[in-house]
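Following: one structure in structure tokens, then a few remarks.
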Amino acid sequence: MRNTRQRRERILQMLVKHGSVHVAHLAESMDVSTVTIRADLAQIESQGLAKRNHGGATLVRTPPLEQDIHQKDSLNSSLKESIGARAAQLIRAGDNVIIDSGTTTMTLARHLRHAEGVTVMTNGLNIAWELANATGVEVMLTGGLLRKQSLSFQGAQAEASLTSYSFDALFLGVDGLDLQFGLSTHHEGEASLNHRMVERARKVIVLTDASKFGRVGLHRIAQLECVHTIITDSSISPEYSQGLLRLGIELIVVD
């Protein structure tokens, strides 16, 4: 198994199933060197998911299971609506913004239907659909390979589409936000594209309900130092509200 992403996902699956893994067994079963496996385990350990030992690693905490967009849409819907409405207030006429795919960011798109003079680049098929009839919003799609589970475009074409642009702000949804590990998501392709989005935006605004705090997805998007503003709900813990403020991140809390 030569593909790094697939191999590491398989190792994590084995950790979750068995509670521990052994370097020699993994190297033999995946037909790679023990050096490669140790590098894989080091990466998984850096995400706070496992603890390495001399012969392998043990599971520390289980990453959240990925749900498809239809399952996500029904979770914390009222909170997402409030977060999206508050995010829309940050967008002004003349702004050029990126809106990431996702169910929380989709509520932002709904609140932009009557905006004027706004340009939106998105990798989300659902975002584009929400804004299709918004006469005051110019909509640009990244293109790329459609990942049906999340209705998001990704891949080399999607990443290349961002190269020639500079945006006022990125409105980003995440699967996990950890004070040490940063922003993360379940899928490597989405993490890679999100990272490019962060690079192309002058301001990064994260939209997430508080249930995502303390979670770590398999793939890091960016460290928290890249984030300017987080919009979340009032169930955020004191640990996270204080920790984010210490990092100099603007925290906007909705009810």
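The values are calculated or read from the model by the stated rules, or taken from the named source; none is laboratory data. None of these values were measured; they are calculated from a predicted model. Here the Cβ is made from the backbone with ideal geometry for all residues, glycine too, and neighbour counts use every protein chain on show. Heavy atoms of the whole protein, side chains included, go into the accessibility calculation; ligands, DNA and RNA do not. Shrake-Rupley method; radii C 1.70, N 1.55, O 1.52, S 1.80 Å.
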Using the Karplus curve 6.51 cos²θ - 1.76 cosθ + 1.60 with θ = phi - 60°, what ³J(HN,Hα) values do you get for each residue of the range 242-255, in whole Hz, with x for Gly and Pro? 5, x, 5, 5, 5, 7, x, 8, 5, 10, 10, 10, 10, 8
Calc'd 3J(HN,Hα), the range 177-194, phi into Karplus 6.51 cos²θ - 1.76 cosθ + 1.60 (θ = phi - 60°), Hz, glycine/Pro = x, comes to 9, 10, 4, 8, 7, x, 8, 8, 9, 7, 10, 4, x, 5, 4, 5, 5, 4
How much of VAL198 can a 1.4 Å solvent probe reach, expressed as accessible area in Å² and rounded to 10? 20
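With +1 on the Cβ of every Lys and Arg and -1 on the Cβ of every Asp and Glu, and nothing else charged, how large is the dipole of the chain about its Cα centre, in debye rounded to the nearest 20?
On the way: 26 positive and 27 negative charges, 115 e Å.
With Lys and Arg at +1 and Asp and Glu at -1, about 560 debye.
Applying 1/(1 + (r/R0)^6) with R0 = 45 Å to the Cβ-Cβ distance of GLN6 and ARG92, what FRET efficiency is obtained, to the nearest 0.05?
Numbers: r = 43 Å, r/R0 = 0.96.
Rounded to the nearest 0.05, the efficiency is 0.55.
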Shape call for the range 70-226, from the Cα gyration tensor axes a ≥ b ≥ c (a/c under 1.5 means rounded, otherwise prolate when a/b beats b/c, else oblate), comes out rounded
Give the peptides 159-169, 219-229, 104-114 in descending order of average Cβ contacts within 10 Å, highest first. 104-114, 219-229, 159-169
For a test of the definition: using alpha carbon positions, the gyration tensor, and the 1.5 limit on a/c, classify the range 109-169 as rounded, prolate or oblate. oblate
Please list LYS80, LYS17, LYS203, LYS212 in order of solvent-accessible area, largest first, computed with a 1.4 Å probe with all protein chains present. LYS17, LYS203, LYS212, LYS80
Given a 1.4 Å probe, how much area per residue of the chain is accessible, in Å²? 47
To the nearest 10 degrees, how steep is helix 77-88 against the longest Cα principal axis of the chain, on a 0 to 90 scale? 60
Putting +1 on Lys and Arg Cβ atoms and -1 on Asp and Glu Cβ atoms, find which of ILE236, VAL204, LEU218 reaches farthest to the positive end of the dipole of the range 167-236. VAL204
